[in-house]
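What follows is a set of notes on a single structure, which appears directly below.
Laboratory data are not the source of any read-out in this text; all were calculated from the coordinates shown. All values derive from a computational prediction rather than experimental measurement. Methodologically, a virtual Cβ is constructed for each residue, glycine included, from the backbone with ideal geometry; neighbour enumeration extends over all protein chains shown.
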Amino acid sequence: MNWNRLMEPFHRLLAPSVVNCLTCGKMVSRSTLKVGVCLHCYDAIPWIREPRCSICGRHIGCPDCTRTGGKETYFQSNRSAVAYNSMMRDWLGQYKYRGNEKYSELLVMMLEKALVNMRNEYRQNKGTETWNIDIITCVPVSSIRLEERGFNQAEVLAVGLADKMHLTYKELLLRERHTNKQSFKNRSERIRDMENVFNTDREMMNSVHNILLSRPRSFANIPLRILVIDDIYTTGSTINACARVLKEIGERIGHPVEVYSLTWARS
């Protein structure tokens, strides 16, 4: 017998009817909260519902994806849940740097909405109801970052999203070396710094191969679609470096791989 489920109605009755909003601290009725956030804060979320750039998912004009003579792009496209403004910076700071775990559920919910929109967009554009993600993975952090924060913020989001959407999560990438914080670098420095940062191993490649074998025969000619999760998309250098390795996995197992990116925020 599931005692937690049995006692849930009693817990709700005993819970206070007025609580603090997770983000602004205002006292509000529990019944009006949306994933711990009051309606005022929820309505202020800068959702990206219709991205202007079909590649990076930016909500405003994008000079980066129209550049000529740049580095090869290994991922299909990126989509982001929100635009990165001062309010979102505060939320991410609470989650990523201050270790406020209560924010993880909120950020996962936001990614869930973005993935649903992303799936609907691609199904409509490609004229098929079968477009879906086969594997969710995340950008790995270095051992130094892991020791500093105590967790990989992208991994928590990726695992939570996979659970919400009933999709498969797998660790597919290794980080070969530590890099300094990307926020302190310009575009060219970020791109150069991310070269050859990521790799994979045989066990990870076997995971991809096993998922490929488990798909229906009708999917034999359809590329395996991998979704990479991260917190912020700025220049795309991190996602592109990850996608290059994931595309190489496809080459090694002899099946085409399409890499997509979903980030919580687009700067």
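Among rounded, prolate and oblate, which fits segment 136-267 when a ≥ b ≥ c are the square roots of the eigenvalues of its C-alpha gyration tensor, a/c under 1.5 means rounded, and a/b larger than b/c means prolate?
Cα axes put segment 136-267 in the prolate bin.
State to the nearest 20 debye the size of the charge dipole of the chain about its Cα centre, where the only charges are +1 on K and R beta carbons and -1 on D and E beta carbons.
Details: 38 positive and 28 negative charges, 99 e Å.
Dipole size: approximately 480 debye.
Over the chain, what relative contact order in percent results from Cα pairs under 8 Å that are six or more residues apart? Write out the running numbers ahead of the final one.
On the way: 391 pairs, mean separation 58.0, N = 267.
Here the relative contact order equals 22 percent.
Around residue 232, which amide H atoms from residues at least 5 apart in sequence, or from another chain, sit under 5 Å from its own amide H, with H modelled in the peptide plane?
Sorted by chain and number, the residues that satisfy this are 264, 265.
Determine the relative contact order of segment 129-179: mean sequence separation of Cα pairs under 8 Å and six or more apart, normalised by residue count, in whole percent.
Details: 49 pairs, mean separation 26.8, N = 51.
Relative CO of segment 129-179 lands at 53 percent.
Which aspartates and glutamates does residue 113 reach when only Cα atoms under 17 Å apart count, and residues fewer than 8 places away in its own chain are ignored?
Those aspartates and glutamates meeting the cut-off are 43, 50, 105, 121, 163, 230, 231.
Which one of 106, 211, 246 is farthest out on the positive end of the charge dipole of the chain, using unit charges on Cβ (Lys, Arg +1; Asp, Glu -1) and the Cα centre as origin?
Final value for the positive-end residue is 106.
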